[in-house]
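The values are calculated or read from the model by the stated rules, or taken from the named source; none is laboratory data. Predicted model, so just to flag it, every value in this text is computed and none were measured. In this analysis, Cβ positions are derived from the backbone assuming ideal geometry, glycine residues included, and neighbour counts consider all displayed protein chains.
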Amino acid sequence: MNIITRNQWGAKVTAPLQKLNLAKVNAIALHHMASPTADIYEVQRWHLNSPNNWRCLGYHYWVGFDGKIYEGRGFEHVGAGVANQNDRIISIGFQGNYQSGLANIPLSPPMPDAQFNAGVDIINFVRTQVMTAHILGGHSEFMATACPGDMFPLEEMKALKKRNSGYILSSSVDDLMNELVWRGIVSDVEMWRRRGNEDVNLRYFYDKYYHYMLFNGGSVKADFPSLATAMDIFVKQGIVSNVDLWMEKMDGDDNLMWLFRKLAAYVN
């Protein structure tokens with residue numbers, strides 16, 4: 001998963017924003033734009049020109065039709081998505097109009113898979129960073145509004161299962177590498193990217209581990225477990241089933257053995 005930062009897309013902030021106390025955050029709210037075409041720049045213009053005097057894009061994150069994820073207020077600042085509750089809510093906006101029957105506003109086509117799957121990714125990412133964000137709902141579940149619309153795939157998204165997948169998969173080896181570097185787990189990115197692309201079993205392991213890490217979080221422990229303990233951890237978490245295969249692959253492969261022990265220490 002790649003998040004386009006505020007600096008990268010050119011976000012504007014017209015005045016200092018209120019700091020967000022993440023310890024108070026217990027919910028994630030999903031929004032649509034009530035426009036069939038508005039991109040993040042047009043939405044930003046609306047918010048900056050709002051009679052409520054919003055100081056920048058109101059959402060913490062925003063997801064386009066193409067699956068690109070943009071940083072809005074991030075984890076640093078209080079959002080402007082849910083009146084009188086913004087100090088406890090992370091708001092995620094989705095491009096498109098998913099409310100039928102709006103006068104002179106065409107309904108968007110069904111949500112593209114790229115946008116839907118990116119929505120699952122950013123929700124899981126928020127939850128790994130804000131462990132208290134247990135509540136997930138549409139804007140209308142927090143206040144009286146039609147948002148995110150009757151055609152928004154809300155219940156499907158709440159299941160946090162990507163489309164065309166039996167479990168949440170990384171879209172590429174690069175997604176996993178970005179996560180592992182960010183979490184301080186690996187440094188030799190090129191080696192692990194190459195090995196993941198060349199070894200179908202290792203790629204499968206990457207996908208299973210990526211799913212578990214995003215959904216459950218974790219932290220790096222001070223001491224690495226033994227290899228036997230690491231395998232027991234992965235079996236218990238449903239990440240590994242064929243223990244003999246992996247023991248054979250690690251025989252004489254100190255790099256793979258090291259990675260397994262370090263990843264087990266993280267998800268345990």
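Name the residue, out of Ala34, Ala15, that is in contact (Cβ under 8 Å) with a residue 24 or more places away in the chain, under 21 Å from Pro109 (Cβ atoms) and either aromatic (Phe, Trp, Tyr) or part of a loop (DSSP other than H, G, I, E, B) (or both). Spell out how you get there, then give the answer.
Working: Ala15 fails: under 21 Å from Pro109 (Cβ atoms).
Going through Ala34, Ala15 in turn, the sole match is Ala34.
Quick check on my filter: what residues within the range 48-84 are buried (at least 22 other Cβ atoms within 10 Å of the Cβ) and among the charged types (D, E, K, R)?
Arg73
So Thr14 fits all but one of (1) surrounded by 13 or more Cβ atoms within 10 Å (Cβ to Cβ); (2) over 15 Å from Ile123 (Cα atoms); (3) of a type in the set (Val, Ile, Thr); what number is the exception?
Only one criterion in (1) surrounded by 13 or more Cβ atoms within 10 Å (Cβ to Cβ); (2) over 15 Å from Ile123 (Cα atoms); (3) of a type in the set (Val, Ile, Thr) is unmet by Thr14, namely (1).
Evaluate the following for Asp39: is it over 19 Å from the mean Cα position of the chain (by Cα), over 23 Å from Phe142 (Cα atoms), in the same structural domain as Leu107 (by TED's automatic domain parsing) and not small (Gly, Ala, Ser)?
The answer is yes for Asp39.
Would you check which residues across the range 1-47 are within 19 Å of Pro148 (Cα to Cα) and among the small types (Gly, Ala, Ser) and list them?
Scanning the range 1-47 gives Ala27, Ala29, Ala34, Ser35, Ala38.
Residue check, Arg45 against (1) surrounded by fewer than 23 Cβ atoms within 10 Å (Cβ to Cβ); (2) in contact (Cβ under 8 Å) with a residue 24 or more places away in the chain, all met but one. Which one?
Every listed condition holds for Arg45 apart from (2).
So in the range 226-268, with the set limited to residues that are outside any helix (DSSP H, G or I) and at pLDDT 85 or above, which one is nearest to Arg203 (Cα to Cα)?
Selected residue: Asp253.
For residues that are modelled with pLDDT of 85 or more and over 16 Å from Met250 (Cβ atoms), scanning just the range 188-211, find the one that is surrounded by the fewest Cβ atoms within 10 Å (Cβ to Cβ).
Within the range 188-211, the match that is surrounded by the fewest Cβ atoms within 10 Å (Cβ to Cβ) is Glu190.
Looking at (1) buried (at least 18 other Cβ atoms within 10 Å of the Cβ); (2) more than 17 Å from Tyr212 (Cα to Cα); (3) over 13 Å from the mean Cα position of the chain (by Cα), which one does Val173 not meet, given that it meets all the others?
Status for Val173: all satisfied but (2).
For the range 67-94, which residues satisfy the criterion of being outside any loop (DSSP other than H, G, I, E, B) and touching a residue at least 12 places away in the same chain (Cβ under 8 Å)? First the steps, then the outcome.
Taking the range 67-94 first, the residues outside any loop (DSSP other than H, G, I, E, B) are 69-71, 77, 86-94.
Selection gives Ile69, Tyr70, Glu71, His77, Asp87, Arg88, Ile89, Ile90, Ser91, Ile92, Gly93, Phe94.
So that you can scan it fast, the table gives a plain yes or no per residue for (1) within 28 Å of Glu155 (Cα to Cα); (2) of a type outside the set (Lys, Arg); (3) at pLDDT 90 or above; (4) in contact with a helix residue (DSSP H, G or I) (Cβ under 6 Å, 6 or more places away or on another chain):
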site: His31; (1), (2), (3), (4): yes, yes, yes, yes
site: Ala38; (1), (2), (3), (4): yes, yes, yes, no
site: Asn49; (1), (2), (3), (4): no, yes, yes, no
site: Asn52; (1), (2), (3), (4): no, yes, no, no
site: Leu57; (1), (2), (3), (4): yes, yes, yes, yes
site: Trp62; (1), (2), (3), (4): yes, yes, yes, yes
site: Val78; (1), (2), (3), (4): yes, yes, yes, yes
site: Asn84; (1), (2), (3), (4): yes, yes, yes, no
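Quick one: which helices (runs of 4 or more DSSP H) sit completely within the range 95-204 and have at least 3 residues that are free of Cβ contacts under 8 Å to residues at least 12 places away in the same chain?
189-198
Can you tell me which condition Leu214 does not meet? The list is (1) surrounded by fewer than 20 Cβ atoms within 10 Å (Cβ to Cβ); (2) modelled with pLDDT under 80, and all the others hold.
Leu214 satisfies all of (1) surrounded by fewer than 20 Cβ atoms within 10 Å (Cβ to Cβ); (2) modelled with pLDDT under 80 except (1).
Name the residues in the range 221-254 that are under 19 Å from Glu179 (Cβ atoms), loosely packed, with under 14 Cβ neighbours inside 10 Å and not basic (Lys, Arg), would you?
Within the range 221-254, just Gly238 meets the criteria.
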